[in-house]
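J.: Let me give you the structure first, and then I'll get to my questions.
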Amino acid sequence: MKSIPNATLIVLTAGERAELAVLSRSQRAQHRKRQRARIVLMAGDGAAPREIARTVGCTIGTASKWRVRFARSRMVGLEDAGERGAAPKYGAEHNARILALLDRKPPAGHSNWTGPLLARALGDIHVQHVWRFLRAQKIDLSGRKSWCVSNDPDFAAKAADIVGLYMAPPDNAIVFSIDEKPSIQALERAQGYLKLPGGAP
């Protein structure tokens, strides 16, 4: 049978013991940091990992881990650096590629982009990351409404003139706007309905 190795010896200086005591009682420190301080304090008093785990309320492995970390790096060893898993798989360059692709037309046969379409076109970005990024940016791919596209080659210039009249109208100007009704039903009204005195809309 294998023998269980002796626990790592912890010898605390007066300064370390005082700092750990303050940290273990601090109401502002996170619970896990208070717990680590208590583990090291008990280890400095000669307590075994099993006793520490039972008293502090953690596993024996956790008690041993922070005991060893403190013995190797002292107070710095109780910090969280390097304890949060692998580095993120996707970075800013991946997110920039998603946004750049949204500026292009979707593949033939599709009216708009979807998460799976974006992931397929990008090739190396998983669809779940695409959805997470779009949610974070508040981009709703299905929220686009129908619109009419003009065949008039001068449409952009004419539209700019009309918008300019509304944004900076000349003094004493009256603007008349005449337009034919499109072939779709107007479902959204910005101003709502005007109620007449008789109650009719």
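Please treat every number below as a calculation from the coordinates, not as lab data. These numbers come from a predicted model, not from an experiment. Cβ placement follows ideal geometry from the backbone for every residue including glycine, while neighbour counts extend to all protein chains displayed.
J.: Could you give me the residue pairs with C-beta distances under 7 Å whose first residue belongs to region 12-36 and is surrounded by 14 or more Cβ atoms within 10 Å (Cβ to Cβ), whose second residue is among the aromatic types (Phe, Trp, Tyr) wherever it lies, and which are 6+ apart or on separate chains?
T.: 36/66
J.: Working only within region 37-54, note down all residues that are part of a helix (DSSP H, G or I), in contact (Cβ under 8 Å) with a residue 12 or more places away in the chain and hydrophobic (A, V, I, L, M, F, W, C).
T.: 37, 39, 40, 41, 42, 43, 52
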